[in-house]
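Heads up: the structure comes next, in structure tokens.
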Amino acid sequence: MTHVLSRRNILSAAMGVAGAAVVERASADSLADVPERGPGNPLTATSERSEFVHIARLPESTPGIRHVDPSRAINSKAPLDKLVGTITPADLHYERSHAGVPEIDPAKHRLLVHGMVQKNLVLTMDDILAMPSISRIAFLECTGNGWENWKSAPSDVTVQNTHGLISTNEWTGVPLSFLVDLVGVDPASTWMLAEGGDGSAVARSIPLTDEILSEGILAHGQNGEPLRPAHGFPLRLFLPGFEGNLNIKWLRRLKFGTRPFMTRWETARYTQLQADGSARQFQLHQDVNSVITSPSGMMEIRLGYTRITGLAWSGHGRIVRVEISTDGAKTWRDAVISAPALPKAQTRFQADWVWDGAPTKIVSRSTDEKGNVQPDRASFIAARNTNALFHKKKIDAAGKVRNVLA
Ligand SMILES: Nc1nc2c(c(=O)[nH]1)N[C@H]1C(S)=C(S)[C@@H](COP(=O)(O)O)O[C@H]1N2
Ligand SMILES: [Mo]
């Protein structure tokens with residue numbers, strides 16, 4: 001009895017303002033209004049979402065041209081405003097494909113491994129599936145994430161639109177280090193070319209740092225099942241924490257060398273034009289970031305209690321702190337980080353807030369285990385010229401939430 005009581009005390013302390021708000025709203029004692037129970041629908045081979053859940057990716061053909069027919073899209077964004085927890089369902093994982101989605105028969109797929117190796121190999125998928133595998137939960141983010149929120153902030157967009165080019169999955173596959181040992185990569189090799197099997201011929205040079213050698217994965221699985229075609233079936237490179245473009249889908253070739261291979265993807269594209277006119281190349285880590293997913297653009301909130309929640313991530317490691325401001329970055333307090341807070345994975349944060357009805361702006365700021373703090377927009381532009389995104393939500397007196405720049 002004392003045990004039960006003390007547990008209850010702990011619970012009610014933790015419930016705090018959120019619990020009190022719910023209890024006040026929900027006080028009643030009957031289920032009289034609930035529809036009757038009855039026989040259910042037949043069981044099915046695969047499960048569909050509830051007909052009451054409307055959740056989908058947002059296909060766009062170019063920044064600002066949204067809701068296009070998916071067949072005309074160059075990317076499609078994950079519905080961050082409708083997701084809970086930290087894992088993105090595979091069918092809602094954001095997608096960026098430069099030349100459509102090739103249909104690859106795994107029986108015909110091959111991976112060529114050559115260059116500075118003791119032995120060139122052409123591997124089949126059966127060879128690869130027979131190798132030891134690991135699984136890791138990590139985010140993938142396109143460097144274009146936020147392009148729509150950059151120089152101006154359209155007020156009528158959702159967080160799916162401004163930040164939907166990031167997702168977190170569990171990725172399963174062969175450790176890159178296993179393959180490196182298997183083919184006997186020359187220790188003098190410092191770069192690796194990875195090439196995809198789609199029409200766009202995306203190919204990227206990857207520096208063979210200790211981090212990449214120890215964390216890289218030749219992934220064939222995603223959230224417990226084989227990769228979906230959109231995400232590289234039957235094989236993709238997965239480099240936790242590194243820019244999306246390096247994570248080559250439909251992987252068919254790895255070549256080891258001593259210099260970057262200077263493909264058009266790292267010269268004409270995926271470089272950062274700086275304020276002095278020079279371009280930054282091989283800026284490969286995804287930096288610390290966060291976004292409030294609720295309340296977020298186009299939502300409406302009620303007066304009184306509101307739960308603020310969002311996602312934080314860093315390509316440098318674990319998120320250790322998220323701060324929230326509900327007064328436009330004048331004062332800050334710590335949000336609660338929900339477990340698990342995994343390194344290089346999206347991390348959920350939450351905070352209580354009682355909205356007093358006055359127009360305001362809410363902002364989040366995250367810190368990772370290496371001490372990197374998400375910068376505000378002005379200092380970021382001063383340091384890096386124009387890339388990345390900052391995010392505030394403006395809430396007007398009617399409770400309408402709009403996207404604005406910090
Ligand atoms: N072969 C190939 N790999 C690719 C791409 C591509 O178009 N072709 N797109 C890249 C880009 S720009 C990103 S952001 C990620 C997107 O991965 P996803 O579609 O699984 O989210 O894959 C990268 N790998
Ligand atoms: Mo990308």
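Remarks
- If you plug the beta carbon distance of residue 300 and residue 373 into 1/(1 + (r/R0)^6) with R0 = 25 Å, you get a FRET efficiency near 0.20.
- Rounded to the nearest 0.05, the FRET efficiency derived from the C-beta distance between residue 20 and residue 119 at R0 = 60 Å is 0.35.
- Taking Lys and Arg as +1 and Asp and Glu as -1, the other residues whose beta-carbon sits under 9 Å from that of residue 244 total -1.
- 0 to 90° range, to nearest 10: angle between helix 2-26 axis and the chain longest Cα axis: 80
- Most simply put, the chain has about 95% antiparallel DSSP beta bridges, counting only bridges with both residues inside it.
- Helical content alone sets the calculated 222 nm signal of the chain at -4000 deg cm²/dmol, taking -39,500 (n - 2.57) per DSSP H segment of four or more residues and averaging over every residue.
- Scaling the Cα radius of gyration of the stretch 31-156 by the globular reference 2.2 N^0.38 Å produces a ratio of 1.55.
- Taking every Cα-Cα distance in the chain and sorting them into 20 Å bins starting at zero, the pair-distance distribution P(r) comes out as 24, 52, 21, 2 percent.
- Spin-label model, residue 400/residue 110: points 7 Å from Cα along the beta carbon direction are separated by 6.0 nm.
- Volume per residue of the C-alpha convex hull in the stretch 95-280, rounded to whole Å³: 126
Bear in mind these aren't lab numbers, they're just calculated from the coordinates by the rules spelled out. Everything quoted here is computed from the prediction, not taken from an experiment. Cβ: placed from backbone, ideal geometry, glycine included. Neighbour counts: every protein chain shown.
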